[in-house]
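Visitor: Dropping a structure here in structure tokens format, bear with me for questions.
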């Protein structure tokens, strides 16, 4: 009787032990899989993304406090919560739309100096021009423009505004390869000046010439002209035209008895302007 009972108990022990082992194994495997799954979820979901989720205000404040406390405990920082109040950047002197950028990161002005497309910085301009001359041109006046451009030294940046849309043809002239070409059909000189000779673009030039395409330049010398402009302190000027050469305004006629003659108020057809005048004209005159 006892033998049979012992046998029964032995069978019960042998059959129960494997069952408990399997349950424990499944529990361990499930726990490991949960840890691995949670690790990958945490890696793919950065902590800073939590700031973009609209948590309730109470939960959000507790989360922020816990994050700050955790960083402080890891780095040994003192418990000074005011040090975490990061000020917002607002620079009212920055251009509109860029007020939130740090001061000094925004460049308010540019220029029309040509830059290299590739290569070394030393390949940029060896000499930066001090003056700018622009012509509003059509292809039919190419020979007159060619003669006019040759009157200007490398102290001048050459800008051509093409009202007929023909810009590539001008490459037949060697100087055209280093000129600035802007092509918009059927617009006036002042339309181009308003949009492409903005004060922030021409700030690096001392004088700006805004000339027509048919201006006679047989007796014109650009360097001597600049000398006279500076000598007499002229803010708005134009080379004198031959008095008997077609229809000429009285104010623009050349007078042989003096170097310059002045009118109290005028804006000539082909003016040469100081930078200061360009700033005023851009605001009050250009349409």
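The values are calculated or read from the model by the stated rules, or taken from the named source; none is laboratory data. The structure displayed is predicted, hence computed values, not measured ones. When we count neighbours, we look across all protein chains shown, and the Cβ atoms used for this are built from the backbone with ideal geometry, even at glycine.
Visitor: I need every pair where a residue in segment 217-228 that is closer than 16 Å to residue 205 by Cβ and assigned by TED's automatic domain parsing to the domain that holds residue 156 has its Cβ under 7 Å from the Cβ of a residue that is at pLDDT below 90 and assigned to a helix (DSSP H, G or I), sequence separation at least 6 or different chains.
Guide: Going by the 7 Å Cβ cut-off, there are no qualifying pairs.
Visitor: If you take the residues of segment 154-171 that are in a loop (DSSP other than H, G, I, E, B) and touching a strand residue (DSSP E or B) at 6+ places or on another chain (Cβ under 9 Å), which of them is farthest from residue 182 (Cα to Cα)? Steps first, answer last, please.
Guide: Looking only at segment 154-171, we keep the residues that are in a loop (DSSP other than H, G, I, E, B), and these are 154-155, 163-167.
So of that shortlist, the ones also touching a strand residue (DSSP E or B) at 6+ places or on another chain (Cβ under 9 Å) come out as 155, 163-167.
Numbers: 155: 20, 163: 9, 164: 11, 165: 9, 166: 10, 167: 8 Å.
Filtering first and then ranking leaves 155.
Visitor: Residues in segment 134-144: is at least one surrounded by 13 or more Cβ atoms within 10 Å (Cβ to Cβ), free of Cβ contacts under 8 Å to residues at least 24 places away in the same chain and either out of contact with any strand residue (DSSP E or B) (no Cβ under 9 Å at 6 or more places or on another chain) or not assigned by TED's automatic domain parsing to the domain that holds residue 208 (or both)?
Guide: no
Visitor: Scanning segment 98-133 for residues that are touching a residue at least 40 places away in the same chain (Cβ under 8 Å) and not in a loop (DSSP other than H, G, I, E, B), which turns out farthest from residue 176 (Cα to Cα)?
Guide: Per the stated criteria, the residue is 131.
Visitor: Of the numbered conditions (1) buried (at least 16 other Cβ atoms within 10 Å of the Cβ); (2) within 30 Å of residue 107 (Cβ to Cβ), residue 154 satisfies every one except a single condition; which is it?
Guide: (1)
Visitor: Moving on. Please return the ranges of strands (runs of 3 or more DSSP E) entirely within segment 178-287 where 2 or more residues are out of contact with any helix residue (DSSP H, G or I) (no Cβ under 8 Å at 6 or more places or on another chain) and at pLDDT 80 or above.
Guide: Strands (runs of 3 or more DSSP E) meeting the threshold: 180-183.
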